1. Step by step: first the residues of the stretch 144-175, then only those that are of a type in the set (Gly, Ala, Ser) and open to solvent by less than 60 Å² (accessible area, probe 1.4 Å), then the one that is farthest from the chain's Cα centre (by Cα). Which residue is that?
2. Name every residue in the stretch 1-46 that is among the charged types (D, E, K, R), in contact with an Asp or Glu (Cβ under 8 Å, 6 or more places away or on another chain) and modelled with pLDDT of 90 or more, in order of residue number.
3. Could you pull out the residue among 47, 62, 71 that is touching a helix residue (DSSP H, G or I) at 6+ places or on another chain (Cβ under 8 Å) and assigned to a helix (DSSP H, G or I)?
4. On the phi < 0 side of the Ramachandran plot and open to solvent by less than 70 Å² (accessible area, probe 1.4 Å): does that describe residue 135?
5. Take the residues of the stretch 95-104 that are part of a helix (DSSP H, G or I) and open to solvent by less than 80 Å² (accessible area, probe 1.4 Å): which is farthest from residue 179 (Cα to Cα)?
6. Quick one: is residue 170 without any contact (Cβ under 8 Å) to a residue 60 or more places away in the chain and touching a His at 6+ places or on another chain (Cβ under 8 Å)?
7. Does any residue of the stretch 63-81 turn out to be farther than 19 Å from residue 133 by Cα, over 16 Å from the mean Cα position of the chain (by Cα) and open to solvent by less than 40 Å² (accessible area, probe 1.4 Å)?
8. Residue check, residue 92 against (1) open to solvent by 70 Å² or more (accessible area, probe 1.4 Å); (2) touching a Ser or Thr at 6+ places or on another chain (Cβ under 6 Å), all met but one. Which one?
Amino acid sequence: MVDKLGRGEELTKTEKGRYRHADIKAALIAETHGKCAYCESKLRHITYGDIEHVTPKSKHPTRWFEWTNLTLACDVCNTEKDEFVGDHDTFVDPYVVDPEEHFWHMGPTIFPSPGSDSAVSTERLLKLNRPELVERRDVRLKALLKHLDVIARVKDIETRKVLVADFFEETAASKEFAALARAVAEKAGLSAPV
């Protein structure tokens, strides 16, 4: 199909939809842990999730079927991104750079790291601080802070170690808003259990 596109030939409807194959979608769901690659929201409980072309297929048809150009996105991020074609100076591609190097979590709001023009444009484009996302991150943040409060109040060292290990499970890539949890752990001065 890529050869066909390279020759300027039109793909059939069936050929165009091959990236939507169930096995490909399942692999993307596994790769992203059922989360939007951009906003980190768990989405499978309310939507199927969209197979997203990081570089839009309409702009670069030769990348239509490239594995490194496919991810899972929520309906909102996918719609907001639309036909945007960016480079690393204008868009934080989570497959190319670590988003945590470009965004700071301060409470339930994320901010572009100073000097990261790509984070500024990505946050604006995808509306990463839309009210619904801030609300969901706030719920997550309150749960994390409650967990930290319990850790702080426990005097028994062994129990504390277990609670800290439990907290670090919340920083796993499979968890919703894992980057927020990692930022909270760092701010709290917690060290990952050995």
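1. Step by step, filter the stretch 144-175, then rank; the result is 165.
2. Those that are among the charged types (D, E, K, R), in contact with an Asp or Glu (Cβ under 8 Å, 6 or more places away or on another chain) and modelled with pLDDT of 90 or more: 35, 40, 42.
3. 62
4. no
5. Per the criteria, the residue is 99.
6. The answer is yes for residue 170.
7. yes
8. Exception for residue 92: condition (1).
The values are calculated or read from the model by the stated rules, or taken from the named source; none is laboratory data. As the structure is a prediction and not an experimental result, all values here were calculated from the model. Quick reminder, even Gly has a Cβ in these numbers, built from the backbone with ideal geometry, and neighbours come from all protein chains shown. For accessibility, only protein heavy atoms count, side chains too; no ligands or nucleic acids. Shrake-Rupley method; radii C 1.70, N 1.55, O 1.52, S 1.80 Å.
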